[in-house]
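Presented below is the structure to which this report refers.
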Amino acid sequence: MTAVLTLTRAELARRVAESLIGDSGNRWRHTAGVAERAAELADRLGLDPDVLVAAAWLHDIGYAAPIALTGFHPLDGAVHLSAEGWPARIAGLVAYHSGARFVAAARGLATEMAAFPDERTLTADALTYADQTVGPTGLRVDTETRYEEMLLRQGPCSWNARVGADRRPYLRAAAARVEHSLKAL
C-alpha cells in the first residue's frame with residue numbers, strides 16, 4: 001500500500017517559495033524568518049496558521065525574475081498565485097502586504113491591485129507585522145529599524161520613500177494593533 005502525502009497549504013507555499021526565491025540569499029533568509037514569525041503570531045493570536053504562514057512564505061515571490069511582470073513584487077506575486085489557482089484570500093494578502101496599496105497607487109497600479117481582495121483584518125496586520133519585524137538576513141528587528149533599513153537600502157527616491165507619509169503611519173498602526181492583541185492575551 002502506498003502512503004498518500006498530503007501537504008498543508010503552508011507546506012506547499014514553502015515549496016513554491018523555495019522553487020522561486022530559494023537561491024536568492026538574503027531574500028530567502030528574510031522569507032524564512034517572516035514565515036517563522038507568522039507561525040508564532042498565528043499560534044499566539046488564534047489565527048489560521050495555514051493561511052497566515054502560507055501568505056508569509058509567498059509574500060516576496062514576486063521578486064523572482066520568471067514571474068516579475070510589473071516590477072512591483074506584491075502585485076507580481078499575487079498575479080502569479082492567482083494564475084496558479086491559489087485562493088483569492090492568499091493572493092490578496094500577498095498583494096497588499098506591508099502597505100503595498102500606497103506604492104501601487106503612486107505607481108499607477110491601483111486598478112491592477114483591485115483585482116485582489118484587500119482584507120483589513122488581524123491576519124493581514126499579522127503578515128505585515130511579521131514582514132516588518134524580520135530584517136533582510138532573517139533576524140528579528142523592531143519595526144522602526146526595519147523601516148529605516150528599507151529606506152536606506154532602496155534609497156530616498158524609491159517608491160517606498162515617496163509614499164512614506166502615508167505608508168509609515170499605516171505600518172505603525174498595523175504594528176500597534178498586533179502588539180495590542182498580543183498584550184490582551
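The values are calculated or read from the model by the stated rules, or taken from the named source; none is laboratory data. As the structure is a prediction and not an experimental result, all values here were calculated from the model. Note that each Cβ is placed from the backbone with ideal geometry, even for glycine, and that neighbours are counted across all protein chains shown.
Summary table below
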item: So Gly138, is it surrounded by 14 or more Cβ atoms within 10 Å (Cβ to Cβ) and within 22 Å of Ser24 (Cα to Cα); result: yes
item: Residue list for the range 132-148, restricted to those being part of a helix (DSSP H, G or I) and out of contact with any Lys or Arg (no Cβ under 8 Å at 6 or more places or on another chain); result: Glu144, Thr145, Arg146, Glu148
item: Of all residues making up the range 82-120, the number that are closer than 24 Å to Leu151 by Cβ and either more than 15 Å from the chain's Cα centre (by Cα) or in contact (Cβ under 8 Å) with a residue 60 or more places away in the chain (or both); result: 10
item: Matching entry among Ala175, Ala165 (being out of contact with any His (no Cβ under 7 Å at 6 or more places or on another chain), surrounded by 12 or more Cβ atoms within 10 Å (Cβ to Cβ), at pLDDT 95 or above and not charged (D, E, K, R)); result: Ala175
item: First in the range 158-177 and more than 20 Å from Leu122 (Cα to Cα) and hydrophobic (A, V, I, L, M, F, W, C), second anywhere and modelled with pLDDT under 95 and part of a helix (DSSP H, G or I), Cβ under 6 Å, 6 or more apart; result: Ala161/Leu151
item: Among (1) in contact (Cβ under 8 Å) with a residue 40 or more places away in the chain; (2) surrounded by 24 or more Cβ atoms within 10 Å (Cβ to Cβ) - the single one Leu47 does not satisfy; result: (2)
item: One residue from Asp166, Asp125 being more than 24 Å from Ala32 (Cα to Cα) and either among the aromatic types (Phe, Trp, Tyr) or in a helix (DSSP H, G or I) (or both); result: Asp166
item: Residue identified as in a helix (DSSP H, G or I), under 22 Å from Arg29 (Cα atoms) and modelled with pLDDT of 95 or more among Leu75, Leu151; result: Leu75
item: Test for Leu182: is it modelled with pLDDT of 95 or more, buried (at least 17 other Cβ atoms within 10 Å of the Cβ) and aliphatic (A, V, I, L, M); result: no
item: Test result for Ala124, within 21 Å of His30 (Cβ to Cβ) and exposed (fewer than 15 other Cβ atoms within 10 Å of the Cβ); result: no
item: Qualifying positions in the range 16-40 - within 24 Å of Arg120 (Cα to Cα), within 14 Å of the chain's Cα centre (by Cα) and not small (Gly, Ala, Ser); result: His30, Thr31, Val34, Glu36, Arg37
item: Subset of the range 67-121 [of a type in the set (Ser, Thr, Tyr), surrounded by fewer than 22 Cβ atoms within 10 Å (Cβ to Cβ) and touching an Asp or Glu at 6+ places or on another chain (Cβ under 7 Å)]; result: Thr70
